[in-house]
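**Q** Have a look at this one.
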Amino acid sequence: MLWRGRRSSDNVEDRRGMSGGRIATGGGAAGIVIYIIYTLVTGDTSKLENVIQENASTQTTLSAEDQAAEDTMAQFVSVVLAETEDVWSELFQQNQMTYVKPRLVLFRNQVQSACGGASSASGPFYCPGDQKLYIDLSFYEELRSRFHASGDFAMAYVIAHEVGHHVQNLLGESDKLNELRNRLDESAFNKYSVRFELQADYLAGVWAHFADRKNHIVENGDLEEAIRAASAVGDDNIQKQTQGYVVPDAFTHGTSEERMKAFQNGYETGQLRNTPGL
Ligand SMILES: [Zn+2]
């Protein structure tokens, strides 16, 4: 992605220093896998606390080289956020609406949000309660090593997907989902939860459409990176990696194929009003 020299967002909150500029060694990735396997097998989330504590107790200082790489990544994230601000402000305006920009929190290991506490193990997320995106930059490395989705545009897709959740919040889709959650049993609700995630993938694709066709910051191979990332973080793929087989009922994000298609549809049409319904 041709991002260098482009505008950075004013809406980034850097909370990485709040844990002393330190990062977990190994405990991060291992903790994530242990936690996912444990909760999938037992449905028990109480052990999350242990994983978090384990992460906190195995800290080491970043090398100068890692620190520099992470700072470059922080700049990149800030530029991608600014690009989403420009695209969504314009699209909302075209549809007689006002785009309220979300804030993006960079954190390390653990963070507090209006949606509760979270660790890097939950991956990047959006909290509708405070309209903020939360990202631990180590996820970029995880995309490459665990999901085999490398490249800066893979990370751009992840950010655009979280911004997509913010757009859903502004459009009232999040309220619709909450209403369904209150009314339906878990397996019936799960279908809508998947559609909600696919909507966010579609919206990430709409952003990529403008990043490419209008702002010309998409390079050869970038779209493939995003599509590979969308495919890699599909629930079926994640489940195969963690438990060795696929249980469709437990899907909450959509399969690799569905996620890839949703992103591609958004990219091809570039239309907010064609967003698939819940
Ligand atoms: Zn999502």
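Just so it is clear, none of the values below were taken in a lab; they were calculated from the coordinates. In this text, all values refer to a predicted model and were calculated from it rather than measured experimentally. All Cβ positions, glycine included, derive from the backbone under ideal geometry; neighbour counts span all protein chains shown.
**Q** Just to confirm my numbers, what's the Cα centroid distance between the range 167-184 and the range 83-151 in Å?
**A** 19
**Q** Rounded if a/c is under 1.5, else prolate if a/b beats b/c, else oblate: with a ≥ b ≥ c from the C-alpha gyration tensor eigenvalues square-rooted, which is the range 131-278?
**A** Numbers: a/c = 1.80, a/b = 1.16, b/c = 1.55.
Because a/c hits 1.5 or more and a/b fails to exceed b/c, the range 131-278 counts as oblate.
**Q** Which order do the peptides 118-124, 156-162 take when ranked by the mean count of other beta-carbon atoms within 10 Å per residue, highest first?
**A** 156-162, 118-124
**Q** Distance cut-off 26 Å, Cα to Cα: go down the list LYS101/LYS176; LYS101/LYS191; LYS214/LYS261; LYS101/LYS214 and report the pairs above it. Could the numbers behind the result be given before it?
**A** Working: LYS101/LYS176 21 Å; LYS101/LYS191 29 Å; LYS214/LYS261 22 Å; LYS101/LYS214 20 Å.
In this structure, LYS101/LYS191 lie more than 26 Å apart at Cα.
**Q** Would you mind checking which residues have amide H under 5 Å from VAL105's amide H? H placed 1.01 Å from N; only 5 or more apart, or other chain.
**A** So VAL105 has HN proximity to GLU13, LEU133, TYR134, ILE135.
**Q** Next question, about the same structure. Taking the Kirkwood radius as the inverse of the mean 1/r across Cα pairs, report the Rg/Rh of the range 99-201.
**A** So for the range 99-201, dividing Rg by the Kirkwood Rh gives 0.98.
**Q** Read phi for every residue in the range 253-264 and hand back ³J(HN,Hα) as whole Hz from Karplus 6.51 cos²θ - 1.76 cosθ + 1.60, θ = phi - 60°, with x for Gly and Pro.
**A** Computed from phi, the couplings for the range 253-264 are 10, x, 6, 4, 4, 4, 5, 4, 5, 4, 4, 5 Hz.
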